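Let me begin by presenting the structure, written as structure tokens, before commenting on it.
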Amino acid sequence: MSGTLNKVMLIGNLGDEVKMHYFEGGGCVGRFPIATSETYTSKQTNERITNTEWHNIIVRNKGAEICEKYLSKGDKVYIEGRLKTRKWTDDKGNDRYSTEIQCTDFTFLSTKKESGNNATSTPVAQKPAESQQPTSQTIEDEKDDLPF
């Protein structure tokens, strides 16, 4: 191991549609922002505070085409990749920097349609967990049925 690691894992919602850029050689790049949020309660005012952080995502070639086809603003997505900082010069001659996540893997977690349908119901992931957790009564009953 080289002793360093540049790895980012994010779960967030798309803030805009995927914007595609195509190159002469047939390659392409997709760019889109995602938002991640953290919520906490202020000890001084006892009110809930939400901080939202925006991340610029870069996806290349086939991955970019898949994202463009299936993702739209508001969708929840898992992104895995690495940080990359680019330096560029603006039209006034000033040096500017942009930090981006170069995506190496992604998973679609929900679409706008799915999140709209489930907005008022209990999340699907919680329903099976609640029904599968045995109560202490169930465990005791199972012990009584053992043949030895």
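Out of Gly15, Gly74, one residue alone is in contact with a Gly (Cβ under 9 Å, 6 or more places away or on another chain), over 17 Å from Cys103 (Cα atoms) and surrounded by 14 or more Cβ atoms within 10 Å (Cβ to Cβ). It is Gly74. Of all residues in segment 61-78, none satisfies the criterion of being over 16 Å from Glu17 (Cβ atoms) and among the β-branched types (Val, Ile, Thr). Taken over segment 62-71, the criterion of being surrounded by fewer than 21 Cβ atoms within 10 Å (Cβ to Cβ) and either of a type in the set (Lys, Arg) or touching a residue at least 24 places away in the same chain (Cβ under 8 Å) (or both) is satisfied by Lys62, Gly63, Glu65, Glu68, Lys69, Tyr70.
Being touching a helix residue (DSSP H, G or I) at 6+ places or on another chain (Cβ under 8 Å) and without any contact (Cβ under 8 Å) to a residue 12 or more places away in the chain is the filter here, so list the residues in segment 42-61 that pass it.
Restricting attention to segment 42-61, the residues satisfying the condition of being touching a helix residue (DSSP H, G or I) at 6+ places or on another chain (Cβ under 8 Å) are 59.
Correct list: empty.
The set of residues in segment 18-52 being exposed (fewer than 10 other Cβ atoms within 10 Å of the Cβ) and of a type in the set (D, E, K, R) consists of Glu24, Glu38, Lys43, Glu47, Arg48. Residue pairs whose Cβ atoms lie under 9 Å apart, sitting 6 or more positions apart in sequence or on different chains, and linking a residue in segment 84-108 that is in contact (Cβ under 8 Å) with a residue 40 or more places away in the chain and farther than 18 Å from Asn56 by Cβ to a partner that is of a type in the set (Lys, Arg) and surrounded by fewer than 14 Cβ atoms within 10 Å (Cβ to Cβ), do not occur here.
Return a yes/no flag: does segment 111-122 have any residue that is modelled with pLDDT under 95, within 15 Å of the chain's Cα centre (by Cα) and of a type outside the set (Lys, Arg). Yes, the conditions are met somewhere in segment 111-122. Filtering segment 82-100 for residues that are surrounded by 14 or more Cβ atoms within 10 Å (Cβ to Cβ) and hydrophobic (A, V, I, L, M, F, W, C) leaves an empty set.
The values are calculated or read from the model by the stated rules, or taken from the named source; none is laboratory data. Here the structure is a predicted model, which means the values were calculated and not measured. For neighbour counting, all protein chains shown are included, and Cβ atoms are generated from backbone atoms with ideal geometry for every residue, glycine included.
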